[in-house]
Amino acid sequence: MKPALFDHVAPASIADAVAALAGHPGAMVIAGGQSLLPAMNFRLATPPALIDISRIAELKTLTVTDRAVVVGAMVRHRTVELDPAVARAQPLLAAALAHVAHVPIRNRGTVVGSLCHADASAEMPLLLLLTDGHMVVAGPTGRRTIAAADFFRFHLTTSRAADEIALEAHFPVLPAGAGWAFEEVARRSGDFALASVGVIVERAADGTARKVAIAAGGIASRPIRLTEAENALLGTTLNDETVELAAQAAAAAVTAPGDIHASAPCAASWWRRSSARPSPPHATAPPPPDRDRRRPPPARTAPPPQPPGSDRPTEEDGPDDPDPKEDGPRNIR
Ligand SMILES: Cc1cc2nc3c(=O)[nH]c(=O)nc-3n(C[C@H](O)[C@H](O)[C@H](O)COP(=O)(O)OP(=O)(O)OC[C@H]3O[C@@H](n4cnc5c(N)ncnc54)[C@H](O)[C@@H]3O)c2cc1C
């Protein structure tokens, strides 16, 4: 399929881009085109005009301050993934970006484009929510900031108005000494996640968790914070019992209906298992002697039985299929 006819406008400044969007009813912004162009080719989107922001120099900046990683709207996934200063300031970004599609897509796609696309399974929306980040958008009435908690409304739907352009995303830096983890389950490497989870834990001097953030993707109509699971861990030493309680709370948060990849009970079972699964500990600095455990230890429970007839892969199924023939445009959302 080919896209329907459209006008192409490529302004050189933010002001001109905002004016162009307002002057072309029904127009859409295009950044890397990795989600929008497939949707147009399938005629799932038929915008009469595209406002191409790729020539706006102001949107190509990636800044790391002592407070946040600030990603301009034309900064590609891969640039953020490979930046050493970003890795030091917010290591979750590189960890999660490694799961976004494939390198050729990450070479073109943008972090802000992914946030605006707002797929419920996408990694970047989960991360903005996990880190309590925010977006900066500009429209005919000026600029405004939208907190991550208010930005993602539904699958492919945000609170950005149709006449607003997202300018940048702010991901707060990882608090000093905090532990973190990012895990996801996908059928094959590069596929959208069936379920994904990010965790940040800050501990008090006595070893108890004084701040816990847990966000999940793919299990609801938008990325969500797992507040029940966070509360189950708060104030505890993250022992097997509390981690098990947190995993149960996480499994109860699955509201996504079944799809061609998994039934809803199967998804809950998988989610339950992945949220209690061990992963390597990560810390931004060498841990002091009394803080040698930076993330919840695995719950020592038997894996739940797979529902009959499930074709979902198991942890024992081995590595993902690396067949390059699989690199075609699939899972287009
Ligand atoms: C085969 C394949 C596999 C994929 N796998 C994954 C995956 O595993 N995880 C994942 O997260 N994504 C995945 N994707 C999606 C893709 O990585 C991102 O959605 C994409 O990179 C978004 O960025 P973009 O710059 O290409 O956005 P575009 O395609 O240009 O735009 C996407 C949407 O956002 C809007 N938009 C973009 N920028 C702005 C802006 N500055 N202001 C306002 N609106 C804007 C557009 O109007 C459009 O609606 C996959 C895509 C493909 C084709």
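So is ASP132 touching a helix residue (DSSP H, G or I) at 6+ places or on another chain (Cβ under 8 Å) and over 21 Å from HIS77 (Cβ atoms) or not?
yes
Within the range 209-226, can one find any residue that is under 22 Å from ARG106 (Cβ atoms), assigned to a strand (DSSP E or B) and charged (D, E, K, R)?
Taking every residue of the range 209-226 in turn, none turns out to be under 22 Å from ARG106 (Cβ atoms), assigned to a strand (DSSP E or B) and charged (D, E, K, R).
Residue by residue through the range 101-114, note down the ones that are part of a helix (DSSP H, G or I) and aliphatic (A, V, I, L, M). Give the derivation first.
Looking only at the range 101-114, we keep the residues that are part of a helix (DSSP H, G or I), and these are 103-108, 111-114.
Passing the criteria: VAL103, ILE105, VAL111, VAL112.
From (1) within 22 Å of LEU59 (Cβ to Cβ); (2) in a strand (DSSP E or B); (3) among the small types (Gly, Ala, Ser), pick out the condition that doesn't hold for GLY198.
Here GLY198 meets the rest and fails (1).
Return the pair list, or none, for Cβ contacts closer than 7 Å from residues in the range 184-213 that are away from the ligand (no atom under 16 Å from the Cβ) to residues that are in a strand (DSSP E or B) and of a type in the set (Asp, Glu), at least 6 apart or on different chains.
ARG210/GLU202; LYS211/GLU202
Residues in the range 82-96: is at least one under 26 Å from LEU50 (Cα atoms) and surrounded by 17 or more Cβ atoms within 10 Å (Cβ to Cβ)?
No, because not a single residue in the range 82-96 is under 26 Å from LEU50 (Cα atoms) and surrounded by 17 or more Cβ atoms within 10 Å (Cβ to Cβ).
When you scan the range 7-55, how many residues do you find that are farther than 20 Å from ARG108 by Cα and either away from the ligand (no atom under 12 Å from the Cβ) or polar (S, T, N, Q) (or both)?
Number of matching residues: 13.
How many residues does the range 132-190 hold that are among the small types (Gly, Ala, Ser) and part of a helix (DSSP H, G or I)?
First, the residues of the range 132-190 that are among the small types (Gly, Ala, Ser): 133, 138-139, 142, 147-149, 159, 161-162, 166, 169, 176-179, 181, 186, 189-190.
Restricting the remaining residues to those that are part of a helix (DSSP H, G or I) gives 148-149.
Qualifying residue count, the range 132-190: 2.
Identify all residues within the range 208-242 that are in contact with a Leu (Cβ under 7 Å, 6 or more places away or on another chain) and either crowded, with 23+ Cβ neighbours inside 10 Å or aliphatic (A, V, I, L, M) (or both); write none if there are none. It would help to see each step written out before you state the result.
To start, the set of residues in the range 208-242 that are in contact with a Leu (Cβ under 7 Å, 6 or more places away or on another chain) comprises 209, 212-218, 223, 225, 232, 242.
Listed by number, the residues that qualify are ALA209, VAL212, ALA213, ILE214, ALA215, ALA216, GLY217, GLY218, PRO223, ALA232.
Are any of the residues in the range 218-240 hydroxyl-bearing (Ser, Thr, Tyr) and in contact with a helix residue (DSSP H, G or I) (Cβ under 7 Å, 6 or more places away or on another chain)?
Just the residues of the range 218-240 that are hydroxyl-bearing (Ser, Thr, Tyr), to begin with: 221, 227, 236-237.
Subset that is in contact with a helix residue (DSSP H, G or I) (Cβ under 7 Å, 6 or more places away or on another chain): 236.
Within the range 218-240, one or more residues are hydroxyl-bearing (Ser, Thr, Tyr) and in contact with a helix residue (DSSP H, G or I) (Cβ under 7 Å, 6 or more places away or on another chain).
When the range 75-119 is examined, which residues are found to be touching a residue at least 60 places away in the same chain (Cβ under 8 Å), more than 25 Å from ALA178 (Cα to Cα) and either away from the ligand (no atom under 11 Å from the Cβ) or of a type in the set (A, V, I, L, M, F, W, C) (or both)? Before you say what the answer is, go through the steps one by one.
In the first step, residues of the range 75-119 are kept if they are touching a residue at least 60 places away in the same chain (Cβ under 8 Å); the result is 88-93, 95-96, 99, 101-102, 104-105, 108-110, 112-114, 116-119.
From what is left, the residues that are more than 25 Å from ALA178 (Cα to Cα) are 101-102, 104-105, 108-110, 112-114, 116-119.
Once the filter is applied, which keeps residues that are touching a residue at least 60 places away in the same chain (Cβ under 8 Å), more than 25 Å from ALA178 (Cα to Cα) and either away from the ligand (no atom under 11 Å from the Cβ) or of a type in the set (A, V, I, L, M, F, W, C) (or both), the range 75-119 yields ALA101, ILE105, VAL112, CYS116, ALA118.
I'd like to know if the range 65-75 contains one or more residues that are at positive phi and among the hydrophobic types (A, V, I, L, M, F, W, C). Step through it out loud before you land on a result.
Filtering the range 65-75 for residues at positive phi gives none.
No, the conditions are met nowhere in the range 65-75.
Provide a single number: the residues in the range 56-74 that are more than 13 Å from the ligand (Cβ to nearest atom) and surrounded by 14 or more Cβ atoms within 10 Å (Cβ to Cβ).
The qualifying residues number 6.
Since every read-out is calculated from the coordinates, none of them should be taken as a lab result. Everything numeric here is computed off the predicted structure, so don't read it as measured data. All Cβ positions, glycine included, derive from the backbone under ideal geometry; neighbour counts span all protein chains shown.
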